[in-house]
Amino acid sequence: MEDLGGRDASRVLGPSRAPIQPVPETSVRIARLLELDPDLGDALPAAAFSAARDKVLVRVETFRVGPWKPRLAGRAPRPGLAVLVIDGLLVREIESAGRVSAELLGTGDVIYPWDIDRPGAPTGVWCAIVPGQVALLDESLFARIAPWPVLAGAIASRSTRRGRVLAALALTRRMRRIDERLVFIFALFAERWGKVRPDGICLSLPVTHELLGRIVGARRQSVTTALGDLRVRGLITALTDGQWLLAGPADPAALLAYSRATVPRTEEAP
Amino acid sequence: MSGAQEHVEVLDADRELASALSAEQLKLARAHTQARVQRLPVGGWDAIGEYGEQAAWLGLLILEGFVARETSCEQETAIEVIGPGDLLRPWDHDGEYPLASITTRWRLLEPTLIALLDDEFAQRISAWPALTVAVIGRTGRRARWLAVRLIISQLRRIDARVFYLFWHLAERWGSHTPEGIVIPLRLTHAQIGELIGAQRPSVTTALSQLGGEQLVIRLPDGGWRIPSDTPDRLDELLGR
């Protein structure tokens, strides 16, 4: 395998977009990993969980809404270092060939904010849309979890989850209709972050139509038109304060079937 | 578990992982990175049936060959190509989407050699946390490449998507030759369509155009070749 990296790829891939606003101030503290995210210890017997909970400490950084650049790794962040999202909601955008694509990352996701593959490759720009916290998964953390290797497996599992969600997002690019793309991703979001209430599933997701367009690969205007149509059809309704109401189950196939059963009026993707 | 079993020292088989350690650490660690390997034939692969639920494993590290991960919902399918250096955990399926609705299948595109980074392996390398970080970090790399794929599938022109895809694949797995960059990956037109969000007939048309311009050439062994100056040519194509 030969490394072809850096060969003028930046011209093809386009410049990475620097945050326009300054990164908001943050605070750092030490916390117990398994208190922040008990699910990571699911495979541990009770006694081992208790021991690990007391001994596995992590550095945690808060973040506010706005451009985000973690400072946990100090002056020399290394590619490959990861952080675990404890709460809040982050957006990663990449730009290449004049197109922008975005993904949403939230509670339980493992992300690599310092990583680039090679010079010139598209670099993610990070932004927080809901304030929260991240924990640093560095070498010292992995040294502390050494007595419980199952925790390394649990972190690896979280790290692969992002890839599985992106693989599902790739399916939206196969859908010609923008309303179906939106129904599909709202169902995915609802599965992860939705709260069931009598009239449907409520999602607290302060996303703009432009950001939704970057997630589903569509123009802002097309998203606005499609969302208007979905509201009329009673499928997805924007409430106040970044809340959304999704009618029906958090199941992409079922919701798509329901969507297709109603009269479609929105435009198709290019 | 099917296939003949051998062992490798992972740090010898994947030199990039070795770069996570100092020379002194490497000397000590090498002997502790022995892992079972499996050779798998081309075709469908029941990865979950093969290994079961292995929550404590770090994963399966691809040493040679290529695997397609096919994600489907109703009649739509998108694929991800996974190759040497990538880490898989096919048994992972937490609740981010219902399995009944979105399904995953695995297909071996080439004869494939994988190292089983099991719980014993994880235990042995835990003395070198930088190595654990590097191994798990391979999954993050896969996610970043998938994000680039989403960009490719947003391009308006199908020929630009196809050409960009091959540059993208060449960046990871290509080799320079005097004639250009060779990508040793046999992909059907339908699979290319599933990689870039296009229909098979559109891919065939685009490949015909790109072949006519000597931009993407199919080789007799099924691999592909693109020009050494692909970034310039891709710029030109995107600007048309």
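Derivation of every value follows stated rules applied to the coordinates shown; laboratory data play no part. Only a predicted model underlies this, so the values are computations on that prediction, with no experimental measurement involved. Don't worry about glycine lacking a Cβ; one is built from the backbone with ideal geometry, like all the others, and counts go over all protein chains shown.
Values as computed for the structure displayed
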| read-out | value |
| --- | --- |
| Within 10 Å of each Cβ in A:79-92, the average number of Cβ atoms from other chains | 2 |
| Helix B:200-212 vs. chain B, principal-axis angle (Cα, 0 to 90°, nearest 10) | 70 degrees |
| Within region B:153-239: Cβ-based charge dipole about Cα centre, in debye rounded to nearest 20 (Lys, Arg +1; Asp, Glu -1) | 340 debye |
| Among B:V135, B:L116, B:T33 the positive-end extreme of the charge dipole of region B:5-137 (Cβ point charges) | B:T33 |
| Region B:70-204: C-alpha gyration tensor shape, a/c 1.5 cut-off, then a/b vs b/c | oblate |
| Prolate/oblate/rounded label for region B:153-239 (Cα gyration tensor, a/c 1.5) | oblate |
| Helix-only mean residue ellipticity at 222 nm for chain B, each DSSP H run of n ≥ 4 adding -39500 (n - 2.57), per residue, nearest 500 | -12000 deg cm²/dmol |
| At R0 = 22 Å, FRET efficiency that the Cβ-Cβ distance of A:V232 and A:D199 yields, to 0.05 | 0.85 |
| Listed residues A:L212, B:G65, A:A156: farthest to the positive end of the dipole of the protein assembly as shown (Cβ charges) | A:L212 |
| Spin-label proximity, B:T204 to region B:149-168 - amide N less than 14 Å from point 7 Å beyond Cα toward beta carbon | none |
| Distant alpha-carbon pairs in region A:175-261 (separation over 15 angstrom), percent | 53 percent |
| Whole-Å semi-axes of the protein assembly as shown's equivalent ellipsoid (Cα gyration tensor) | 33, 31, 22 |
